[in-house]
Amino acid sequence: MPESIINEQDLALDRHEGNIFVITMRKAPENRINSAYAQKLIHAFNTVRKILGPDTQGAVITKGNDAKFWCTGLELTESDTNPFANSEGFFPLLATLLDFPYPTIALITGHTFGGAGPFALSHDYRVMNSRRGYFSMPPINLGLHFPGIGTLPRLKLRPQVARAMLLEAKRWTGTEALADGIVDFVAEPEGMLEVAMELARQWAPKAKMGVYSLLRNELYGDAGKAFREISYVHGRLTDLPAKAKI
Amino acid sequence: MPDSIINESDLALDRYDGNIFVITMRKAPENRLNSAYAQKLIGAFNTVRKILGPDSDGAVITKGNDTKFWCTGLELDESDSNPFANSEGFFPLLATIVDFPFPTIALITGHTFGGAGPFALSHDYRVMNSQRGYFSMPPINLGLHFPGIGTLPRLKLQPQVARKMLLEAHRWTGKEALEDGIVDAVAEPEKMFDAAMELARKWAPKAKMGVYSVLRNELYGEAGKAFREISYVHGKSTGNPAKAKI
């Protein structure tokens, strides 16, 4: 039985054997991220980091709460009242993931859309529902941009796939995402948590020598830098808000 | 018959027809690099550069001396008595190869491990023994890091392969390395020298117009910059030494 560390209506953090932690997003209906929820997620990652301490094995899985959605992006209306919303939550969340001392796995339980694209890509590995759910990043269709939005596609995906993601707003099924290297595994809904757990158990030991974050940043450091640069900033505009809202 | 240019007990430099030079590492038992040996290797590359002058065709092959090893990395205990050892030899060696005006080919005769990973990747091409020898980079398992350790994997390999190398410490056979694009060709032990020579003869003419190095640096320049930044430095720390030694 996993140990319950955080048990809130919209978020759970459970500890499993072998220092594997599972964050369950359950912010109905679609786990949309606003600045407050992003800070809750950051807090969950920080809680894991403090529980484990340095130089130990460990891993975190971020999942949705059903087989329909993982996260369908940002609550775009928050920018209407707070133009700095992303700088207060979403960008720091991406920065936190890239800096995190343990391997991270996004268990893409279903639809993943908009800002959830970078959120998923900021994890070290991705497991996706083989039967249901689409993955796409629509900024090109919405007139949306923030500096660094392309770093993870650029650094983690083959060039033509990154182009399809950023400039074509291509929509991938799980099986297509696997073929294009966007996700590392697909699994049936009933089996996908176990696949993610297996991956977590396989890579948790790599954190033990205390250089996981350093070496991750050797590969994707430009992304972390870009996100930190637009985090907690109010003196300038950090993003082009969507001209269309979905 | 090749012309012998350098003939020392641990290193040879021979000149073949068509301005093809072959560096043979023969520092028993496994061609481990320490700062003095790295400087000898730099001396060999510089000797080739001075013999050929600019705007000439030419190429260099770096091989081992048997079919068992290419290079199993750094002499890790040198850092015990000299914390700046890598800055005095290994990092300048990597910088030298990434700067070199002529195409370079690593003839990976056998086991290639640790610091020999970046050393092999710093060459323009890699030919590996198809029958014997493993290729792996173990920093994640040893708690080792230096700024720039991930530049060559990041710039030369597909993203998932770079992740496998740096965050998973995957061990590749020659054939697996060929599939993953880490090496460009594999050959049987009796044929691998000829395979490397063929590659050298094919690409040697590309140096003739004097822009090989600048164009190489258009692709991999960040790696060269990173290595130069930590070369010949004694005033600051240039990385995390291994917490475990192998």
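The values are calculated or read from the model by the stated rules, or taken from the named source; none is laboratory data. What you see is a predicted model; the values in this text were computed from it and never measured. Using ideal geometry, Cβ is built from the backbone for each residue, glycine included, and neighbour counts are taken over all protein chains shown. The area values use the complete protein model at the heavy-atom level, side chains included, leaving out ligands, DNA and RNA. Shrake-Rupley method; radii C 1.70, N 1.55, O 1.52, S 1.80 Å.
List of remarks:
- Selected residue (criterion: nearest to residue A:104 (Cα to Cα)) from residues of region A:209-246 that are among the hydroxyl-bearing types (Ser, Thr, Tyr) and touching a Ser or Thr at 6+ places or on another chain (Cβ under 8 Å): A:220
- Single match in B:79, B:87, B:56 (criterion: within 27 Å of residue B:238 (Cβ to Cβ) and open to solvent by 10 Å² or more (accessible area, probe 1.4 Å)): B:79
- Within region B:131-159, the only residue that satisfies the criterion of being polar (S, T, N, Q) and touching a Pro at 6+ places or on another chain (Cβ under 8 Å) is B:131.
- Taking region A:1-22 as the range and being out of contact with any Lys or Arg (no Cβ under 7 Å at 6 or more places or on another chain) and open to solvent by less than 10 Å² (accessible area, probe 1.4 Å) as the test, only A:13 passes.
- Qualifying residue in region B:95-109 (condition: within 18 Å of residue B:75 (Cα to Cα), open to solvent by less than 10 Å² (accessible area, probe 1.4 Å) and outside any strand (DSSP E or B)): no
- Those residues of region B:67-94 which are part of a loop (DSSP other than H, G, I, E, B) and of a type in the set (A, V, I, L, M), in sequence order: B:76
- Here residue B:30 clears all of (1) open to solvent by less than 40 Å² (accessible area, probe 1.4 Å); (2) outside any helix (DSSP H, G or I) except the condition numbered (1).
- Meets criteria (within 22 Å of residue A:102 (Cα to Cα) and within 14 Å of chain B (Cβ to nearest Cβ)) for residue A:193: no
- Residue that is basic (Lys, Arg) and more than 22 Å from residue A:194 (Cβ to Cβ), where the choices are A:26, A:32, A:15: A:32
- The numbered conditions (1) assigned to a helix (DSSP H, G or I); (2) open to solvent by 50 Å² or more (accessible area, probe 1.4 Å); (3) within 14 Å of chain A (Cβ to nearest Cβ) are all true for residue B:215 except (3).
- Put simply, of A:210, A:224 the only residue that is at pLDDT 95 or above and not in a helix (DSSP H, G or I) is A:210.
- Checking B:209, B:197 one by one, the residue that is open to solvent by 100 Å² or more (accessible area, probe 1.4 Å) and of a type in the set (A, V, I, L, M) is B:209 and no other.
- Test set (1) crowded, with 24+ Cβ neighbours inside 10 Å; (2) in contact with a Ser or Thr (Cβ under 9 Å, 6 or more places away or on another chain) - residue A:66 fails condition number: (1)
- Some residue of region A:227-245 being in a helix (DSSP H, G or I), at pLDDT 95 or above, under 27 Å from residue A:32 (Cβ atoms) and within 13 Å of chain B (Cβ to nearest Cβ): no
- Residue ranges of helices (runs of 4 or more DSSP H) in region B:118-189 with at least 3 members surrounded by fewer than 24 Cβ atoms within 10 Å (Cβ to Cβ): B:151-156, B:159-167, B:174-179
- Subset of region B:125-167 that is of a type in the set (Gly, Ala, Ser) and at the interface with chain A (Cβ under 10 Å from one of its Cβ atoms) - its residue that is farthest from residue B:68 (Cα to Cα): B:148
- Failed item in (1) under 20 Å from the mean Cα position of the chain (by Cα); (2) closer than 28 Å to residue A:212 by Cβ, with residue A:72 passing the rest: (2)
- If only residues of region B:190-201 that are assigned to a helix (DSSP H, G or I) and among the acidic types (Asp, Glu) are counted, the one that is farthest from residue B:63 (Cα to Cα) is B:198.
- Residues in region A:54-66 that are outside any loop (DSSP other than H, G, I, E, B) and within 14 Å of another protein chain (Cβ to nearest Cβ): A:59 only.
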